[in-house]
Amino acid sequence: MKTLLFLFLFSMSVFAENVVVTPEPTTELLVNPGKGWCLYYAPENYSPELLACCSLGYTRFVWGNIEPEEGNFRWDIIDKAMEKWTRTGRQFAFGICGASTHSAHFWTSPKWVFDAGAAYDTYELVNPKRPTAGIAGKKLVPIFDDPIYLEKLRAFVKAFAARYDGHPAIAFIDIRSYGNWGEGHMYPFRKHEISPEMYLEHVKIYREAFQKTQLVLPIGGKITRYTPVFEWATAHGITFRRDGICGNSDGAETLVCHGKFPAIFELYGGYDMLKKLGWWDGITDASRCGYKLTDCVETGKATYCNLSQKILDVEPELVRTLGNRLGYHFVFTRMEFPATLVPNQPFPVQTTWENRGVAFLFLPAHVTFALKDAAGNIVKTADAPASLPQKFAPDTPVTVTDTLSFGNVPAGEYTLCVGILPNENGTAFYAKKTPFLRLGVKLPEQNGWYETGKVRVK
């Protein structure tokens with residue numbers, strides 16, 4: 001039965017003492033680290049079916065809640081939110097806002113900052129036409145270039161980084177210190193907009209404090225006046241997220257990150273709203289909004305995008321196909337290796353790899369081969385120096401030949417397996433000796449090791 005299953009899942013032929021394997025690609029959604037669908041707030045809010053589709057948890061906080069008194073930090077608010085996601089085996093990402101029309105709490109930036117002399121304004125949000133504008137009420141509008149505000153912000157970010165920079169459970173941190181929701185714009189406030197030079201000061205505060213964790217600069221509108229800020233950010237290792245996908249953006253703003261950093265998407269609003277407006281289907285109306293999500297992913301080469309239960313319920317095929325297309329998606333279409341191995345003698349393995357995602361892999365990883373014995377135990381492993389997953393370009397097949405050696409292995413029959421493991425100097429969130437990336441191939445798999453074929457050691 002096992003032999004029949006093996007033959008059914010992929011075709012294998014032996015020519016001149018070589019095994020040639022040509023596996024079929026999978027059609028299932030592969031949930032992998034460092035890419036894919038993300039869900040907001042707490043995992044217990046979601047169905048098991050939706051949770052099974054996502055790879056990342058995300059939350060926004062407000063500064064006033066995290067530092068209610070100067071120097072008194074409520075890191076436990078962040079820690080508890082992060083712990084809920086890490087218990088599910090997923091990383092966490094977040095940002096801390098200084099202003100938000102969705103906050104029911106007036107002091108989104110701490111009251112003590114303004115008691116110290118920082119200037120601020122107010123805005124009354126009345127009968128918002130769409131839920132994306134916020135919730136009704138009086139809102140705090142900091143003067144974001146006020147010197148006292150910047151002084152207090154700098155001290156906060158320094159403490160923030162001391163606590164979380166390099167934390168293995170954190171995939172990225174947003175820079176959300178300027179504008180409504182931290183998106184670099186003043187909608188719907190229509191209040192004082194800071195200069196590009198002062199916006200850059202906000203970005204530099206974060207860049208100086210965070211040296212390890214990936215920083216992300218959100219973009220929430222067509223704010224071309226801040227182009228110099230975005231150029232500086234890209235040159236200094238900061239990536240972008242576009243908040244407004246399928247609405248006022250087709251994702252083009254994040255294309256500059258392609259091949260450098262992971263790009264992040266956030267949908268303009270809920271599925272029902274986007275469908276009602278016609279934007280989900282790419283219908284451009286008088287507001288010149290509306291882009292299909294599939295087209296946005298292809299344009300902006302996104303690594304992450306948020307997901308909802310409604311999208312999964314109504315368009316499960318889209319969730320599956322785009323979930324694989326977001327970020328990287330590795331398969332191999334052909335592998336050839338000797339049917340007989342000699343102890344302590346190197347041998348070649350030729351593999352044709354494909355990245356069927358839209359973006360690169362941004363996690364430190366390497367390909368490793370292994371010998372599995374008849375009892376299912378991994379007895380030897382050998383890294384594949386020519387197979388470099390971080391260099392697998394999207395939609396560009398690459399054929400490489402790795403020279404491997406398993407050393408002195410006892411004679412007998414084994415199964416040659418392949419897996420992708422995290423680097424020793426990579427994120428500590430994943431076990432170093434265990435494959436952590438799923439491959440899109442129909443092959444027998446156990447603990448991340450994919451069986452490719454039988455070999456005999458003399």
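The values are calculated or read from the model by the stated rules, or taken from the named source; none is laboratory data. Just so it is clear, the model here is predicted, and its values are computed rather than measured. All Cβ positions, glycine included, derive from the backbone under ideal geometry; neighbour counts span all protein chains shown. Keep in mind that these areas ignore ligands, DNA and RNA; they rest on the heavy atoms of the full protein, side chains included. Shrake-Rupley method; radii C 1.70, N 1.55, O 1.52, S 1.80 Å.
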Leading residue by the ranking (surrounded by the fewest Cβ atoms within 10 Å (Cβ to Cβ)) among those in region 412-441 that are of a type in the set (Gly, Ala, Ser) and in contact (Cβ under 8 Å) with a residue 60 or more places away in the chain | 428
Out of the residues in region 406-458 that are among the charged types (D, E, K, R) and at pLDDT below 95, which is farthest from the chain's Cα centre (by Cα)?
-> 458
Residue pairs within 9 Å by beta carbon, gap of at least six or interchain, first lying in region 364-382 and without any contact (Cβ under 8 Å) to a residue 40 or more places away in the chain, second surrounded by fewer than 16 Cβ atoms within 10 Å (Cβ to Cβ) and basic (Lys, Arg), listed first then second, are 381/433
For region 235-281, enumerate the residues that are of a type in the set (A, V, I, L, M), crowded, with 17+ Cβ neighbours inside 10 Å and more than 24 Å from residue 133 (Cβ to Cβ).
-> 238, 256, 263
When region 100-139 is checked residue by residue, the ones that are surrounded by 17 or more Cβ atoms within 10 Å (Cβ to Cβ), small (Gly, Ala, Ser) and within 33 Å of the chain's Cα centre (by Cα) are 100, 103, 109, 134
Only one of 198, 186 that is part of a helix (DSSP H, G or I) and of a type in the set (A, V, I, L, M, F, W, C) = 198
Would you say residue 383 is open to solvent by 40 Å² or more (accessible area, probe 1.4 Å), out of contact with any Lys or Arg (no Cβ under 9 Å at 6 or more places or on another chain) and closer than 18 Å to residue 437 by Cβ?
-> yes
If we scan region 160-180, do we find a residue that is open to solvent by 20 Å² or more (accessible area, probe 1.4 Å), more than 30 Å from residue 84 (Cβ to Cβ) and outside any loop (DSSP other than H, G, I, E, B)?
-> no
